[in-house]
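Trainee: Take a look at the following structure, please.
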Amino acid sequence: MSGHSTYEPKTGFERWMDTRLPVIRLAYDTVVTFPTPKNLNYWYTFGGILALMLGIQIVTGIVLAMHYVPHVDFAFNSVQRIMRDVNYGWLIRNIHANGASMFFLAVYVHMFRGLYYGSYKAPREVLWILGCVIYLLMIITAFMGYVLPWGQMSFHGAVVITNLIGAIPIVGPSITTWLWGGFAVDDPTLNRFFSLHYLLPFMIAGVVGLHIWALHVPGNNNPTGVDVKSAEDTVPFHPYYTVKDGFAISIFLLMFAVFVFYMPDALGDAVNYVPANPLVTPPHIVPEWYLLPFYAILRAVPDKLMGVILMFGAIASLFVLPWLDTSKVRSMRYRPTVRLYFFIFVFVCIVLGFCGAKPPDNPVLGHSPSGLILLDADINSIVWLSRICALYYFAYFWVITPLMGLTETPLAVPESISSPVLSHPAITPVGAVASPEKRG
Amino acid sequence: MADTVVGASPDPHVPGDDPNRRDFIHIAAGVAAVGLVGGLAWPFLDQMNPAGDTLAMASIEFDLGKVAAGQQVVVKWRGKPLFVRNRTPKEIEEAIKADHADLRDPQTDEERHKPGKANWLILIGTCTHLGCVPTFGGGEYGGWFCPCHGSVYDTSGRIRKGPAPKNLMVPDYAFLSDTKVKIG
């Protein structure tokens with residue numbers, strides 16, 4: 001599919017460059033002529049949106065770092081100064097803070113799309129794992145970034161999350177002290193989080209480079225999940241997908257702008273406008289919305305170490321998914337039973353997010369507990385809802401996905417990307433079989 | 001000798017023909033490089049541990065005269081809150097009574113204060129679950145309640161209910177006089 005480059009240097013400079021460092025050829029082959037399946041829908045535009053979001057976060061972040069002071073006595077005020085006194089500081093910080101949320105929104109759509117169309121299956125396992133690495137780096141980066149404004153939620157969020165590591169037997173406490181650079185979350189912690197928050201986005205950018213490389217070896221998956229069989233299944237990336245991605249990006253940026261200009265604090269927590277105080281914990285600690293499902297899983301488990309293991313296990317399950325899925329059919333378009341389980345999975349993830357935002361003992365239905373205690377908590381409580389959802393979350397990866405691939409009867413998969421269109425009754429079905437040539 | 005057959009008699013002096021020598025150089029160079037990187041890795045890891053000045057600030061003195069009976073003062077120590085509590089006889093009595101209750105982290109009240117100073121309870125004020133600061137007077141055991149995930153501690157700071165695995169920690173401290181303690 002990658003095939004031979006069709007780039008022909010036109011100017012003298014391009015010819016000179018091409019024999020020394022063929023970057024123009026690389027760019028041309030990547031974003032102009034790259035043969036892309038012609039049936040990609042709008043769910044496939046989120047890769048481009050994500051690349052843009054990474055760029056926006058890096059640019060706004062570098063600017064904010066010019067005004068931010070990573071010290072426990074000045075951090076909170078320096079952020080307020082950015083919001084009030086620095087020219088357009090309010091704009092740049094609102095873009096950066098809300099940009100993190102938009103970045104995660106886009107990555108979740110991108111991931112669910114990959115799950116639905118089976119984009120993680122051979123030969124795209126490495127592509128998928130690199131994506132999981134990017135996601136993990138994003139979580140770490142976002143967590144450290146949230147600590148920097150040094151508000152109450154920043155501080156106590158950092159305390160709770162770094163204490164998770166203390167759950168590791170024997171070495172846990174030493175690792176926690178090592179991470180803190182002291183005996184509590186304090187100035188050394190803030191300093192190193194700032195340093196790492198600056199570093200990690202560039203590491204993400206590096207892994208994104210590998211991710212795109214791994215994408216361009218087998219080429220894009222597509223909504224049918226069928227391999228590209230011939231040139232007639234593809235269109236060049238430009239102008240077809242530059243325009244489609246561009247349109248999707250425009251719509252996405254409109255939504256982003258609504259948050260930045262009209263409700264910049266809607267996704268944040270008001271408690272973070274209180275300066276950090278190590279002696280008083282806010283009554284209700286919650287992470288940012290994009291981490292709530294994992295937080296719900298953590299709290300669902302009564303044992304500290306098991307809770308931590310399951311929370312990380314929820315992410316680890318994504319990494320091994322290519323080897324858990326036993327089905328030969330990629331796209332869930334042709335897997336009606338699994339599709340149903342998938343939609344329940346998406347719903348469960350959202351419910352877990354809802355659970356993560358609520359205090360664990362709150363009732364789910366009505367305003368009072370049922371009075372029926374099961375093990376350690378009331379049946380009508382957020383804890384039990386989290387437990388049921390966490391169970392489904394893991395069952396989806398470790399039980400449903402392996403079993404369904406073996407037991408289900410998938411629908412007929414089309415011969416090629418073009419054949420469902422060409423063999424449509426409206427068109428004469430003159431042996432519109434895929435051409436015999438194989439992928440190069 | 002223009003017609004020498006190539007390879008007929010291998011020249012023992014051609015470098016690289018002896019696989020053992022070549023391997024030795026490869027392995028030796030590799031070990032040296034790994035040793036160098038490994039040796040340098042430690043300083044780069046250890047720099048993140050508490051620095052000298054952080055360690056030097058690690059102990060404080062506190063005047064107990066400020067704390068009336070039934071009161072609790074929160075002091076900052078090593079970046080964490082420290083509870084200095086002057087317990088009432090009723091609290092001490094409750095704590096001793098619970099010594100033989102079903103405790104998750106069994107400890108008698110005796111082991112949690114200095115001998116003969118049963119009214120002075122000094123604890124690190126961070127929940128042993130995930131480090132939030134428990135508040136006094138909450139929960140059903142007359143002690144502390146952690147607002148984050150609902151751990152309940154008794155009047156001796158022992159865990160009685162909720163997700164925390166351990167009792168509230170007692171720091172290293174010593175009485176300098178009847179009214180002065182040194183913590184750390």
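Trainee: Which residues, counting only those in segment B:118-132, are touching an Asp or Glu at 6+ places or on another chain (Cβ under 9 Å) and part of a loop (DSSP other than H, G, I, E, B)? Let's see the steps before the verdict.
Mentor: Here is the first cut: in segment B:118-132, the residues touching an Asp or Glu at 6+ places or on another chain (Cβ under 9 Å) are B:118-119, B:121, B:128.
B:A118, B:N119, B:T128, listed by residue number.
Trainee: Additional query: Would you call B:T126 under 29 Å from A:L305 (Cα atoms), surrounded by fewer than 17 Cβ atoms within 10 Å (Cβ to Cβ), β-branched (V, I, T) and within 14 Å of chain A (Cβ to nearest Cβ)? If you could, list the steps in order and put the result at the bottom.
Mentor: Details: under 29 Å from A:L305 (Cα atoms): yes; surrounded by fewer than 17 Cβ atoms within 10 Å (Cβ to Cβ): no; β-branched (V, I, T): yes; within 14 Å of chain A (Cβ to nearest Cβ): yes.
No: the conditions fail for B:T126.
Trainee: Return yes when B:M1 is within 30 Å of B:L176 (Cβ to Cβ) and at pLDDT below 80 and no when it is not.
Mentor: Numbers: within 30 Å of B:L176 (Cβ to Cβ): no; at pLDDT below 80: yes.
The answer is no for B:M1.
Trainee: I'd like to know if segment B:130-138 contains one or more residues that are touching a Cys at 6+ places or on another chain (Cβ under 8 Å) and touching a residue at least 40 places away in the same chain (Cβ under 8 Å).
Mentor: Yes, segment B:130-138 has at least one match.
Trainee: A follow-up question, please. Quick one: how many residues across segment A:260-311 are over 19 Å from the mean Cα position of the chain (by Cα), part of a loop (DSSP other than H, G, I, E, B) and more than 21 Å from A:L375 (Cβ to Cβ)?
Mentor: Residues in segment A:260-311 being over 19 Å from the mean Cα position of the chain (by Cα), part of a loop (DSSP other than H, G, I, E, B) and more than 21 Å from A:L375 (Cβ to Cβ): 17 in total.
Trainee: Residues in segment B:133-145: is at least one polar (S, T, N, Q), more than 23 Å from the chain's Cα centre (by Cα) and either within 12 Å of chain A (Cβ to nearest Cβ) or farther than 26 Å from A:T189 by Cβ (or both)?
Mentor: In the first step, residues of segment B:133-145 are kept if they are polar (S, T, N, Q); the result is B:135.
Add one more test, that the residue is more than 23 Å from the chain's Cα centre (by Cα), and what stays is none.
No, because not a single residue in segment B:133-145 is polar (S, T, N, Q), more than 23 Å from the chain's Cα centre (by Cα) and either within 12 Å of chain A (Cβ to nearest Cβ) or farther than 26 Å from A:T189 by Cβ (or both).
Trainee: Here's another thing I want to ask about it. What residue, among those in segment A:168-178 that are touching a residue at least 12 places away in the same chain (Cβ under 8 Å) and among the β-branched types (V, I, T), is nearest to the other protein chains (Cβ to nearest Cβ)? I'd like the intermediate steps shown before the answer.
Mentor: Keep residues of segment A:168-178 that are touching a residue at least 12 places away in the same chain (Cβ under 8 Å), which gives A:168-169, A:176.
Still in the list and also among the β-branched types (V, I, T): A:168, A:176.
Working: A:I168: 13, A:T176: 9 Å.
Once the filter is applied, the top-ranked residue is A:T176.
Trainee: If you don't mind, another one. Determine whether segment A:179-197 contains at least one residue that is within 30 Å of A:Y42 (Cβ to Cβ) and more than 14 Å from chain B (Cβ to nearest Cβ). Show your work before the answer.
Mentor: Our first condition is that a residue be within 30 Å of A:Y42 (Cβ to Cβ); within segment A:179-197, this holds for none.
Looking through segment A:179-197, none of the residues is within 30 Å of A:Y42 (Cβ to Cβ) and more than 14 Å from chain B (Cβ to nearest Cβ).
Trainee: Name the residues in segment A:251-279 that are touching a helix residue (DSSP H, G or I) at 6+ places or on another chain (Cβ under 8 Å) and either among the polar types (S, T, N, Q) or under 23 Å from A:D73 (Cα atoms) (or both), would you?
Mentor: Across segment A:251-279, the qualifying residues are A:G268, A:D269, A:V271, A:N272, A:V274, A:P275, A:A276, A:N277, A:P278.
Trainee: Also, I was wondering about something else. Quick one: which residue in A:I139, A:I165 is surrounded by fewer than 21 Cβ atoms within 10 Å (Cβ to Cβ) and either within 13 Å of chain B (Cβ to nearest Cβ) or over 22 Å from A:N98 (Cβ atoms) (or both)?
Mentor: A:I165
Trainee: How about segment A:40-72: which of its residues are free of Cβ contacts under 8 Å to residues at least 60 places away in the same chain and under 30 Å from A:I417 (Cα atoms)?
Mentor: Within segment A:40-72, none qualify.
Trainee: Determine which member of the set B:L82, B:L168 is in a strand (DSSP E or B) and under 28 Å from A:V286 (Cβ atoms). Write out each step before concluding.
Mentor: On the way: B:L168 fails: in a strand (DSSP E or B).
Result: B:L82 is the single residue among B:L82, B:L168 that is in a strand (DSSP E or B) and under 28 Å from A:V286 (Cβ atoms).
Trainee: When you look at A:V280, is it of a type in the set (A, V, I, L, M, F, W, C) and within 14 Å of chain B (Cβ to nearest Cβ), yes or no? Talk me through it step by step, then tell me what you get.
Mentor: Values: of a type in the set (A, V, I, L, M, F, W, C): yes; within 14 Å of chain B (Cβ to nearest Cβ): yes.
Taking the combined requirement at face value, the residue satisfies it.
Trainee: Name the pairs whose Cβ atoms lie under 7 Å apart, with the first residue in segment B:150-168 and within 10 Å of chain A (Cβ to nearest Cβ), the second assigned to a strand (DSSP E or B) and surrounded by 24 or more Cβ atoms within 10 Å (Cβ to Cβ), and 6 or more positions between them or separate chains?
Mentor: B:K166/B:I159
Trainee: Related question: Farther than 21 Å from A:G246 by Cβ and either in contact with a His (Cβ under 9 Å, 6 or more places away or on another chain) or at pLDDT below 95 (or both): does that describe A:L130?
Mentor: Details: farther than 21 Å from A:G246 by Cβ: yes; either in contact with a His (Cβ under 9 Å, 6 or more places away or on another chain) or at pLDDT below 95 (or both): yes.
Here the answer is yes, as A:L130 does meet what is asked.
Trainee: Let me ask something else about it. Consider A:T407 carefully, then state whether it is farther than 23 Å from A:P293 by Cα, at pLDDT 90 or above and within 28 Å of the chain's Cα centre (by Cα). Spell out how you get there, then give the answer.
Mentor: Values: farther than 23 Å from A:P293 by Cα: yes; at pLDDT 90 or above: yes; within 28 Å of the chain's Cα centre (by Cα): no.
So A:T407 fails the test.
The values are calculated or read from the model by the stated rules, or taken from the named source; none is laboratory data. Since the model is a prediction, treat every value here as computed from it, not as a measurement. As a convention, Cβ positions derive from the backbone with ideal geometry for all residues, glycine included, and neighbour counts pool all protein chains shown.
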